[in-house]
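Heads up: the structure comes next, in structure tokens.
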Amino acid sequence: MTTFSFELYPPRSERAEASLYASLAHLVAANPEFISVTYGANGSSREPSLSVLGRILAGTSVQAMAHLTCVGSSYSQASQLIREFLDAGVTSFLALRGDPPEGALETDAFLGDLGSAGELVQLIHRVQAEREQFAFHEVPGFPDAKRIASGSKVTIAVAAFPNGHPRSRSVSQDLDTLLAKEAAGANLAITQLFFHADEYLGFVEKAREAGVTMRILPGIMPVLSSQRLARILELTGESTPVALERELAAAPDEAAQRRIGIDHAIALGSEVLAGGASGLHLYTFNQHEPVLAVLRGAGLLDRQKESA
Ligand code: FAD
């Protein structure tokens, strides 16, 4: 079955929070496989992230996926963080290394005990296994008896980079890293955004040849303005999609730019699906309308499930 999922970020003001929760209702109504919530660099959004995840867990039946980063943490801090999220009911994670602060050297003590996302994947499994070991369930009909809870596995996703991570030395380093993350226990990969279908499809082909077997979901972002394009290129280090950049720049107004961004994402999503992608992961920027328009255009939205 073709799936779709969404990414949200924790809101930074009360107004943004109200707007996010209004959008969340529409996103949930579309019945995604999961909704993921980003984690601010160096743990800056622990509470707001937990709050959005709690809202998804308490008010919906959609799987809530927590992004977690490990850069700058000791083992004990990272374990404590994982426990906190598990205690809140989260059983689905996107394990990331995260970025060191600007100017930090790889040798800095700040970088912490965990050197890669793969190590965080292992730690999440270990913390989960320890909890299971000490969790007891009631035995119906035997009030004094307790049995050890049987292992409920967590979903652990990881990041993948079709055009290479900006700091990796080669495509083979990126493939080795992805393979190592799967060997560490990851069971899903989500890609960095990209602008051409062959970048994703070629990467998946190479990953399969290298032995990666987990699903690799393409991350798709509708780019709704020239300013947003400039900002995401700065954040991700991706190369400029020249044709899209020109089209956005030539658009007469905001509405036209929006339409161009949505149409580009529809075409990209449709091409990767036609090329064998098992679903789409949509970067929402906390707005429901553009991503629902993309899903509708790519033929993934069941109109009956959309809210009025
Ligand atoms: P890894 O998997 O450990 O490494 C990825 C690749 O980069 C490998 O090839 C590795 O060898 C290479 N590499 C990494 N660091 C270096 C380095 N310093 N020098 C040389 N090579 C290096 N960040 C957040 O802070 N919060 C989020 O919520 C968040 N969500 C994300 C979601 C997705 C889908 C993606 C794709 C990225 C997200 N990021 C987020 C960004 C992520 O933290 C950065 O990409 C970070 O630089 C590396 O994390 P990783 O998990 O990819 O690292």
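The values are calculated or read from the model by the stated rules, or taken from the named source; none is laboratory data. The structure displayed is predicted, hence computed values, not measured ones. As a convention, Cβ positions derive from the backbone with ideal geometry for all residues, glycine included, and neighbour counts pool all protein chains shown. Quick note on the areas: whole protein, heavy atoms, side chains included, nothing else; ligands and nucleic acids left out. Shrake-Rupley method; radii C 1.70, N 1.55, O 1.52, S 1.80 Å.
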| query | Which value, in Å³ per residue, describes the convex hull spanned by the Cα atoms of the chain? | reply | 160 Å³
| query | So, in Å, what gap is there between the alpha-carbon centers of segment 258-305 and segment 157-219? | reply | 21 Å
| field | Longest DSSP-loop-exposure-free segment, trypsin sites (Lys or Arg not before Pro), the chain, at most 13 other Cβ within 10 Å | value | 13-152
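With N set to the number of residues, divide the alpha-carbon radius of gyration of segment 172-308 by 2.2 N^0.38 Å and report two decimals.
Numbers: Rg = 16.0 Å, N = 137, 2.2 N^0.38 = 14.3 Å.
Compactness ratio reported: 1.12.
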| Of all the accessible heavy-atom surface of the chain, with the other protein chains kept in place and a 1.4 Å probe, what percent is carbon and sulfur? | 51 percent
| Whole-number accessible area per residue in Å² for the chain, which is evaluated in the context of all protein chains at 1.4 Å | 50 Å²
| query | Expressed as a fraction of 2.2 N^0.38 Å, the rule-of-thumb size for a compact globular protein of N residues, what is the C-alpha radius of gyration of segment 1-75? | reply | 1.14
| task | With θ set to phi - 60°, apply the Karplus curve 6.51 cos²θ - 1.76 cosθ + 1.60 along segment 166-177 and write out the HN-Hα couplings as whole Hz, x wherever there is a Gly or Pro. | result | x, 9, 7, 7, 7, 4, 5, 5, 5, 5, 4, 5
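Would you kindly state how much longer the chain becomes between D87 and S168 on full extension, computed as 0.36 nm times their sequence separation minus their alpha carbon distance, in nm to one decimal? It would help to have the intermediate numbers written out before the result.
Values: separation 81, 0.36 × 81 = 29.16 nm, distance 3.48 nm.
The span from D87 to S168 would gain 25.7 nm if fully extended.
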